[in-house]
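These notes concern the structure reproduced below.
Read-outs throughout are calculated quantities, based only on the coordinates presented, and are distinct from any laboratory measurement. Being a predicted model, the structure only gives us computed values, none of them experimental. Heads up, the Cβs are rebuilt from the backbone with ideal geometry, glycines too, and the neighbour counts pull from every protein chain shown.
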């Protein structure tokens, strides 16, 4: 059995600052086997694979290739050990064709493109790849680019292949093709590791499944013995009690209605697919989903930052009783309608705040337009900055400190504090506790709860299911840009949410 | 291969960003860098010329402020460089790489000389001067507006665009001087309206350049206030720092880009006016004299603060004037004085690195861990 092991990891640990990305992870892959590494976002899958591929160096632990201990110092060194990784974001030169990209960086004296082409063709025929050698990379589809990446790795003689979410960008037909090729490679004795969080794919393609959760290794199961609900439970874990206070919504009325909203990204792919829901005053609506399922686009569409293809976003103004359609409105126009919409975006320093400006000037972002004067008034924002520093216990030397110098939790307090200060009627927060320690997280939960009690319609996009279940009144689950369910936060089960999060939608399942 | 692996990954030293330095410390680093630059220059001087470095330095000072005329010339040049630097600052603060100030200045100058040549005799001074001002501002603003519109609407690369606009401006000047040569057939424009002085800036209290200097001083105050205390200035800083934040907060990014480049171009146009009507009373392809590029350095060195820009432009002009003097007095190749200027500027820019970063050596890093 041991001589059949292609690569073995023993007790690998990797930390970034205070964050433990991987903790004591041990697993092994055999020759002629496909292993799936399964886990939620932030469970440490990619970090683990990057250590095998020589991009990160582990803090602790050992890696054995073919039974020999190695320390992999660079991607090139990984290639020398016959390990090749196909990244989620392709690393190809756009204006080169396939062959040029494949031979690039290989040191064999001078390049002999003819011989290389012949050798590449041979590889393609062996495994059933199709490459158009006359095309340049920029003329290729995503799937073709991926093929080039895989052949590039094979050309360099890799026997251990790592694929980081290879199906995320493919159509169902392309996924079928990819899986066929992967099976052929497995039958040829290659060891293949595939990272994904799509359960049905995992069950379809792999021989064994290793599950990670929050940086820790949970276990490995044979695919033959596994089923969806069992894997979900391994992925999301058992319910932990957090003791976040949750009050009953008082007199909820419909504040924001999203009707049949469709959105496309720049490449023309559908990112929001017929989304409909309502947000009520005095409640917290949670949004759960694997990251990249359309959460960001949904919030940005409501905030007027994302163009909507069709559908309506209707705001019911509690003051005037009027209903306004926010569709095709800029953030400025939305404000002018009297809609008090606050938004804590995911990218705090890149979108919500200006890192190089001090706290006062960041407070001013929301309010500087007030008045007809040409000039800025810094008095009010400065008072607000001082109030937020005091009320939310922001650790900072003074109001003149650039926000990028503050720690993550304090940055978030400044941002949430500012957004709440404009007494919103709708408050949207995307991953507001990401990267925050426990205490700062609770400060944020309390702030959100306080807003809810004031009758604000709070929309909370989260990744930690335990938090969503304890904090939210209702939980909307999206998968692949579609709403797959709306659950009551008081009765929802983690496994139930997990299944809905990974539920196959028409977008990526499809006509087979 | 596997046997060659080096297990120790700690490099000999690494660079870490430092916290904000107190003002006096950063001042000390800056002064230290100038001292270091002078020492290196001295070594270079002795090695290549055998002259006494101290007498070379004395000559630099002499060349810059040795006589009253030279001192006025220095102030005039500082004012002109500062004017262009003020003009490019809002664009650079918005992270719009306007390297077309040279062309914008020339267009302002071209508009000025056109008005002076063709209407200088016919218009009353009370009409002539305002027309000159408006024409120069418009010409510069249009030259700044064109790349801004393309950037705002189609996201073209402003660096290449503004650079190419320079060549168009230079060729327009060539064409204009060829067609309207004074005296005719000479292929260039000499000093115009020298008898009537129509369109010439008046000398105040006998000082030819005083009006230029006063105008630039006023522009400096204007730009300082505009950037620091106006809503426009705040918006352009937000756009420069993060376009995403600007959009999130509801700033119309396209509008801000266009508005800011109109201002930047208009101020370059004023610089062209001052150079033509207030200084040269003529125009050539070299009227802007590379100030459009030097201004970028002035602006960045001063971290976009108009008040600091007075110092940085003074430094650069001082060195330039001194360099001319040493090459004439010591019969040295002009390139040699450029080498000295280069060394000094290199050290000054280099000092910014030590203000922002510190170098940690391996053993000191280990100490920290303990």
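Both radii come from the Cα set of region B:82-308: Rg as radius of gyration, Rh as Kirkwood radius; their ratio Rg/Rh reads 1.00. Taking the C-alpha atoms only, the angle from helix B:210-229 to the longest principal axis of chain B is near 50 degrees. Taking every Cα-Cα distance in the protein assembly as shown and sorting them into 20 Å bins starting at zero, the pair-distance distribution P(r) comes out as 12, 33, 35, 18, 3, 0 percent.
Counting neighbouring Cβ atoms within 10 Å and putting the fewest first, the residues B:304, A:133 line up as A:133, B:304. Angle of helix B:306-329 to the longest C-alpha principal axis of chain B, folded into 0 to 90 degrees and rounded to 10: 80°.
For chain A, a Kirkwood radius taken over Cα pairs fed into Stokes-Einstein (4 °C, viscosity 1.567 mPa s) yields D = 52 µm²/s. From least to most packed, judged by other beta carbons within 10 angstrom and beginning with the fewest, B:24, A:315, A:155 follow the order B:24, A:155, A:315. Got a sec? How would B:106, A:113 order by Cβ neighbour count within 10 Å, fewest to most? Listed from fewest to most nearby Cβ atoms, that is A:113, B:106.
In plain terms, the bigger the Kirkwood radius, the slower the diffusion; for region A:352-422, with that radius from Cα pairs, at 20 °C and 1.002 mPa s, Stokes-Einstein puts D at 179 µm²/s. Any chance you could give the angle, 0 to 90 degrees and rounded to 10, that helix A:113-127 forms with the longest Cα principal axis of chain A? Its long axis makes an angle of about 80 degrees. Over chain B, dividing the summed -39,500 (n - 2.57) contributions of all DSSP H runs of at least 4 residues by the number of residues returns a 222 nm mean residue ellipticity of -24000 deg cm²/dmol.
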